[in-house]
Amino acid sequence: MELDLLLKGFGVVFQPSCFGLILLGTVSGVLIGALPGLTATMGVALLIPFTFGLPVHQGVGMLLGIFCGAIYGGSISAILIRTPGTPAAAATVLDGYPLNQKGEAGRALSMSIFASFVGGFSGALIMTFASPQISRVALQFSAPEYFGLAIFGLSIIISISGNSIVKGIIAGFFGMLISTIGLDPMAGYPRFTFGFMDLFEGPAFIPTLIGLFALSEVFKGVEVLYKQEAVKAVKQQLLPSWTDIRKAWLTIVKSTFIGTFIGAVPGAGSDISAFVAYGEAKRSSKHPETFGKGEITGVAAAEAANNACTGGAMIPMLSLGVPGDAVTAVLLGALVIQGLQPGPLLFKDHIDMVYSIFAGMMTANLLMFLVGIFGIRFFVRIISIERSLLIPIIFLLSIVGAYSMRNSLFDVGLAVVFGIIGYFMQRYDFPASPILLSLILGPLAESSLRRALIVSHGDFTILFTRPISLALILLAIASLITATIMQLKLEKRMLAENAQQPRSGS
Amino acid sequence: MKKPDIFAGILGLLIAVYVIYSAYHFPEDKVLLLGPSFFPTCLAGGLGIFSLLLLAGALRGKSRPCTDPFNIKDPGVHRAIISLLAVILYCVLLNSLGFIITSAVYLFGLMYLLQRRDYLKMAAVSVAVTLLIYGIFNRLLDISLPAGFLG
Amino acid sequence: MKKTFALLLICLFVIVVAGCGGQAEKFPTKPVTLVVPWAAGGGTDAIARGLGKAAEKPLGQTITVNNVTGGGGAVGHGAGLNAKNDGYTVTMITFELLSLPPQKLIPFTYKDYDLLMRLNTDPAALTVKADSPFKTVKDFVEYAKTNPGKVNVGNSGPASVWHLAAGLLEEKAGIKLNHVPFNGAAPAVTDLVGGHIQAVTVSPAEVQSQVKAGQLKMLAIMSDKRDPNFPDVPTFKEAGYDITFATWRGLAVPKNTPENVKKVLADAFKQGYDSPEFQEFAKKASLGLAYASAADFKTFLDKTAADTEAVMKKLNLAK
């Protein structure tokens, strides 16, 4: 029965017009994702008006293509120019850019597309065959569980601290303080806004990110004038090497499940899933110290999870009528305008449509894979541009990216401020990644904790009496302890190495 | 890396004190149990403690050696400072002069700072890249960048 | 005498010139921008784009939608207010224009705009789980009366329209509820489906798929007449509580925009509003269309603003 419907769905999707539109959507999605400041959400929102005139399955197919393409596309700029094209790719920067610096951009890109495809396609499969079951579990998630999830995600701050645990934690606290800027999520009171209306919703995420990572890198580039001109010979490869695949496959599988599930939980999206999967990959790795320094499994974890999240986020949208993340919220609107009301009734009244969405999702992922491997050879050319030309281009893309999020000059200023902060942080060995993580998870932690306490009328035990939230909190504590021990060992070893051969300042 | 660590530690403490002080003045909400000040105060406390740790470590000489000292006489540092200041100017002028002019000029300057001296190519690339990005965002994506007096 | 005559002549001249200037100037001669204070892809954005497209033909110019977001609507409303009053910038104003001023978050109110028209209103509805013991509003109110502060009611954010709807219900029914703010209506609805809270006070459109699927149950809606999509759901008035409350969206221009310009805009947007394509679009998106002329819109806002401020004081949200 299910397979029958699915085959029919594929029949619809493979009609030339529909297939062509999905391809068009996927290509534009990859490009939109790769451009800093244009997120998957914006891409889908901007193109919805074009789908009004199309038949439902074609219009929706195109939007699905944009969705999947953009989530993958973000990793391209994350790896190549240290700017995550979308928030979903924030975790990809952590290991993708170091790999690029080592001259292994091709390796990182091929792993990114491979992991994205496996994650995305499996996410779509899980969505096809397990939607009702997963949405039932997702409904168990309420404020205490979100708090547990946020705490678990935050517990990896220590392990991404770089050289100094103290500095990493300082950066984490600093980042979370930044995330409290704006209207308080529970009482609506303006905190630390210094009278700027533009700060009511907090410092916008993308401009902050662009400042901390891309602009800071521009300033550093101007200072250091990398002696070696652009990496000339980037080893081009379409697929990751067998060794890399063998090394990462377990992580990819695990991250796919993490991503799909977190996607299915309304209120947590692909950015969070990527970080949680990254943290889990690092926690369970035999060589956690290589993470953050160009570890291929780090890229695999982040990309598998954020793409799996696309399928996951569709689950509650279709089966409950509640979007799993920001993009599916926009997609939901598009479906409603097309006259389809997602929710339990959709499966009853329009089951054929549901299965053509499933088929469209798988097709979009397949096409994304092809577009990705075909595109790698063009993408890597970016870094073979001379640095003295590349850096100004990165600068301009950063400025435009910061601006276009909200059409706001204020956000450009914000990106510049964070660029300056990021530059000095980098100079003095303060890692920027904990800030990133705190900005994503801090607000979730605060609002879910306070919401949990409102619901429980002030009873803290609500956090520890619900099985899922208790499990997540215990997991967070375990990860915190092991990470601290490991990180301290690492620091001791580095200190010893430093003592043996003191590095001279340049 | 002693001096920067001391500086960062003090800065962290100052931020923590500022946050705790201003959070103290937030209205407390009886209905919500944890008011708007709860989280910032906790976080600032954490920031303060770890800033103290950093400071203590630096004062006891346990800081790791600096890999890249901030030497004010270093031409690289000069360049970075110039680009930092110029970017602030860029932001100020962006609205009045418009995206195209400001960006093209800044890009040219940035290339100069990056030690390029082939002026013709530099000018061509600055203008071309600016126009290309302007075109993509303005025309294709319908995101209107500040046009300045040209608009 | 001569002087007076000369003065009169000059006055006449000035009036004629000014009058001519006002009338001779054709409007519009270039594209009109429609400022939307909310992000692309949301409900307000959808109306703006739908209406903008429909009004282009009668206006004879293109209408570009510009999403100026941030500050819970404050930034976009401010941008629209501070634009030049030449009619080339029209703002889609929304309910938040009434709830932000009492919180002292913005220094302006709806009175600082010239209103063009109201486009839609969406009432609040009290919705509970399908298997909830509450069968009617009366059950709900009576339970809340004997258990003050025990019933968890989800809303779409602090000081959001649906938070105030719940506040109004508290006040008019003389009960005490426990308000749980969420980041938007959808997460609140999910928590209700999952059984983590007992009720929500969001619009019928936001719960309709769950209601139709039999997961949730709408007890009553806060409008004057029943929702055609849910003819069985009574209004609060029918249930014995005099509560009407709705979010709204409308169009406005900066203060002191020339009358003739306002007329051109109002006519064009009204024609766009009446066009079958927009009506069809609104029906699909289940928007509660509710046109009101500038004058009626003003009366409506005067009343709603007073209600809103009163409720916000009760909820401790106004300063």
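The values are calculated or read from the model by the stated rules, or taken from the named source; none is laboratory data. If you're wondering where the values come from, they're calculated on a predicted model, not measured in any experiment. In this analysis, Cβ positions are derived from the backbone assuming ideal geometry, glycine residues included, and neighbour counts consider all displayed protein chains.
Quick one: C:ASN260 ticks every box in (1) over 17 Å from the mean Cα position of the chain (by Cα); (2) closer than 21 Å to C:THR44 by Cα; (3) part of a helix (DSSP H, G or I) bar one, so which box is it?
Tallying (1) over 17 Å from the mean Cα position of the chain (by Cα); (2) closer than 21 Å to C:THR44 by Cα; (3) part of a helix (DSSP H, G or I), C:ASN260 fails exactly one: (2).
Restricting attention to segment C:234-255, and to residues there that are in a loop (DSSP other than H, G, I, E, B) and closer than 30 Å to C:ARG49 by Cβ, which single residue is farthest from the chain's Cα centre (by Cα)?
Here the residue is C:LYS255.
When you check A:GLY162 against the structure, is it farther than 28 Å from C:VAL153 by Cβ, more than 9 Å from chain C (Cβ to nearest Cβ) and buried (at least 23 other Cβ atoms within 10 Å of the Cβ), yes or no?
When the stated conditions are applied, A:GLY162 does not pass them.
Please identify the pairs in which a residue from segment A:386-397 that is facing chain B (nearest Cβ under 7 Å) has its Cβ atom under 8 Å from the Cβ atom of a residue that is basic (Lys, Arg) and surrounded by fewer than 21 Cβ atoms within 10 Å (Cβ to Cβ), counting only partners at least 6 apart or on another chain.
Listed by first residue and then by second, the contacts come to A:SER388/B:ARG116; A:LEU389/B:ARG116.
Residues in segment B:100-130 that are part of a helix (DSSP H, G or I) and exposed (fewer than 14 other Cβ atoms within 10 Å of the Cβ): how many?
The qualifying residues number 5.
Hey, any hits in segment C:152-168 for a residue that's outside any helix (DSSP H, G or I), crowded, with 22+ Cβ neighbours inside 10 Å, at positive phi and among the small types (Gly, Ala, Ser)?
yes
For residues in segment C:218-274 being acidic (Asp, Glu) and touching a helix residue (DSSP H, G or I) at 6+ places or on another chain (Cβ under 8 Å), which is farthest from C:LYS84 (Cα to Cα)?
Top of the filtered list is C:ASP242.
Which residues, taken from segment C:138-156, are among the small types (Gly, Ala, Ser) and more than 19 Å from C:LEU219 (Cα to Cα)?
C:GLY149
Out of C:PRO148, C:PRO133, which single residue is within 14 Å of chain A (Cβ to nearest Cβ) and at pLDDT below 95?
C:PRO148
Of the numbered conditions (1) surrounded by fewer than 21 Cβ atoms within 10 Å (Cβ to Cβ); (2) in a helix (DSSP H, G or I), A:LYS293 fails exactly one; give the number of that condition.
(2)
Exactly one condition in (1) more than 14 Å from every other protein chain (Cβ to nearest Cβ); (2) part of a loop (DSSP other than H, G, I, E, B); (3) of a type in the set (Ser, Thr, Tyr); (4) within 22 Å of the chain's Cα centre (by Cα) is not met by C:THR121; state its number.
Only one criterion is unmet by C:THR121, namely (2).
Need pairs with beta-carbon distance below 6 Å; first residue over 20 Å from A:ILE126 (Cα atoms) and within segment A:314-340, second charged (D, E, K, R) and in a helix (DSSP H, G or I); sequence gap 6+ or separate chains.
A:ILE337/C:LYS284; A:GLY339/C:LYS284
Of everything in segment A:128-146, what is in a helix (DSSP H, G or I) and aromatic (Phe, Trp, Tyr)? Give them in sequence order.
Of everything in segment A:128-146, those that are in a helix (DSSP H, G or I) and aromatic (Phe, Trp, Tyr) turn out to be A:PHE129, A:TYR146.
What are the pairs, 6+ residues apart or on separate chains, where a residue within segment C:229-240 that is closer than 9 Å to C:MET218 by Cβ has its Cβ under 8 Å from a residue that is of a type in the set (D, E, K, R)?
C:VAL233/C:ARG226; C:VAL233/C:ASP227
Kindly check whether there is at least one residue in segment A:65-75 that is in contact with a Leu (Cβ under 8 Å, 6 or more places away or on another chain) and farther than 19 Å from A:ALA308 by Cβ.
Looking for residues that are in contact with a Leu (Cβ under 8 Å, 6 or more places away or on another chain) and farther than 19 Å from A:ALA308 by Cβ, one finds none in segment A:65-75, hence no.
Could you tell me whether C:GLU206 is within 11 Å of chain A (Cβ to nearest Cβ) and either in a helix (DSSP H, G or I) or of a type in the set (Gly, Ala, Ser) (or both)?
So C:GLU206 passes the test.
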